[in-house]
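K.L.:
Can you read through this structure? Questions will come right after.
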Amino acid sequence: MATETRDRILDALEEILVRDGTDKATLDAVAAGAGVSKGGLLYHFPSKDAMMAAMVRRLAERAERKRLQAADAGASLAEWYLSPPVTPSTSRRTDHTAPDPDDDALEIALFRSTLAAFRSTDGAPGAVQDAVVEMMGMYDRVLQDEFDDPVHAEIVRLVGDGLYLAALVGLPGPDPDLHRRVVERLLRDQVR
């Protein structure tokens, strides 16, 4: 029950951040959105920063589940990191694979969590920023382990970051054929 309440609170926080931005994500608004009292919210999260940091950590857990799904399907982290995200506004995959509703639901939840997390940081130092840095550092470490050349690993990370950032701000996705060729070139004989 406590986990369910925490998730409801974090879901409400994400919804407010995505819809209205950081200024509207007050403790009162999040409590109301989650259907809990402010005291109930504070029982689970002693401060707004603690709540936002928990949201980012949940995002990291979702991302790790998604990465492990990709690995189980035979994809390296680099391949997963370079795939365009499925967003609430995309109706079909750019990689021409058949959509899996459960997989797409996880991907959309991951996308929304990322958007909310980035809206929550505002670049200010503290628990939220630390959680984002920790999460992004995990990707960096795993990519560095996949490549012999650290410069090449960094290029892959930067391209993947750019794909995700473009999706987060609603830019059109890359041409599927061109995207495939970029990924092939970046990963040719590089992934261990």
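Every read-out reported here was derived from the displayed coordinates using simple, explicitly stated rules and does not represent laboratory data. Predicted model, so just to flag it, every value in this text is computed and none were measured. Glycine also receives a Cβ, built like all others from the backbone with ideal geometry; neighbour counts cover every protein chain displayed.
K.L.:
Which of the peptides 164-173, 135-144 is most tightly packed, and how do the rest follow, judged by the mean count of other Cβ atoms within 10 Å per residue?
P.N.:
Working: 164-173: 13.4, 135-144: 15.6.
Top of the packing list down: 135-144, 164-173.
K.L.:
Where does each of 54-61, 33-40 land if you order them by average Cβ count within 10 Å, highest first? Don't skip to the answer; put the middle values down first.
P.N.:
Values: 54-61: 19.8, 33-40: 14.5.
Per-residue Cβ counts within 10 Å, averaged per peptide and sorted highest first, yield 54-61, 33-40.
K.L.:
With a point put 7 Å past each Cα toward its Cβ, work out how far residue 141 is from residue 23 in nm, to one decimal.
P.N.:
3.8
K.L.:
Additional query: Which ³J(HN,Hα) values, rounded to whole Hz and listed in residue order, are derived for the stretch 157-171 from phi using the Karplus coefficients 6.51, -1.76 and 1.60 in 6.51 cos²θ - 1.76 cosθ + 1.60 with θ = phi - 60°, glycine and proline given as x?
P.N.:
Result, ordered by residue: 4, 5, 5, x, 4, x, 4, 5, 4, 4, 5, 4, 9, x, 6 Hz.
K.L.:
Please compute the modelled spin-label separation between residue 69 and residue 130, points set 7 Å along Cα→Cβ, answer in nm with one decimal.
P.N.:
Those two pseudo-labels are separated by 3.1 nm.
K.L.:
With label points built 7 Å along Cα→Cβ from the Cα atoms of residue 43 and residue 7, find their separation and express it in nm.
P.N.:
It is 1.9 nm.
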